[in-house]
Amino acid sequence: MTSSESFKKIITELKNIKYQNKLIIIIGLYGIFQIISQLFYQFWQVSFLDKEFSKTYFGLLYVLFQIVAIFSNALFSRHNFSNSLIPLTITLSGALLISVFTPDKILFLIFIIIFLVPFNVYNNQLIVNIQKESDSNIVASVISLAGTVSSIISMIVLWIIGILNNYFEFWFVEVVLIAIFIILSLFLLILYSHQKKLD
């Protein structure tokens, strides 16, 4: 799909949800979430190499990430996190930020694991909220829109990382993107809470 086709698709889908403010905000949150998602999953190996982990452990680390994801999904299925988006945002951002400045390899790994739990729960809750806020007749279109927005933001994030990494060390790039994520997310989450009160 070309960029012009993606843009036309977004405009068409936005017309279908133009009066559903909460849904638009949640889609925005899901798009912004790609900042952290791309930063971690596309560049986690860079972070681990910076902390002097051997490449031979990467396979085991990936398995560990999947185990944490399974645990996170089990946790999500047993608890209601619909009112916990702000704490989840702060926790995942804080844990990832601390990991950036942690010199000890073991502590770094611990904070990455701590980060991944709210990361996965937050992702699941956003998807649930998108489905919950969507009218039954447009759920498929809304999910398609959210996917398109996420893809576009992911490309922009990767482009920004590529540019910044030419001028700054990677840890600084991480800090900048984490700061952008938490500021934009908290702003939209406050709007979302306000909109829920109005409804």
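What follows draws every value from the coordinates through simple rules; no lab data is involved. All figures in this text were calculated on a predicted structure; none of them were measured in a lab. Positions of Cβ are generated from backbone atoms using ideal geometry, with glycine treated the same way; all protein chains shown enter the neighbour counts.
Add +1 for every Lys or Arg and -1 for every Asp or Glu among the other residues with Cβ under 13 Å from the Cβ of E52, and state the total. Walk me through the numbers on the way to the answer.
Values: positive: K51, K55, K105; negative: D50, D104.
So the surrounding residues net to +1.
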Original post:
Out of Y167, Q195, I35, whose Cα points farthest toward the positive end of the dipole of the chain (charges: +1 Lys, Arg; -1 Asp, Glu; placed on Cβ)?
Top reply: Q195
Subject >> Cα centroid of region 72-125 to Cα centroid of region 130-153, whole Å >> reply: 24
**OP:** Could you calculate the FRET efficiency of N80 with S144 from 1/(1 + (r/R0)^6), where r is the beta carbon distance between them and R0 is 30 Å, rounded to 0.05?
**Re:** 0.65
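So what is the relative contact order for the chain, in percent, with contacts set as C-alpha pairs under 8 Å and at least six apart?
Numbers: 162 pairs, mean separation 79.6, N = 199.
In percent, rounded to a whole number, it is 40.
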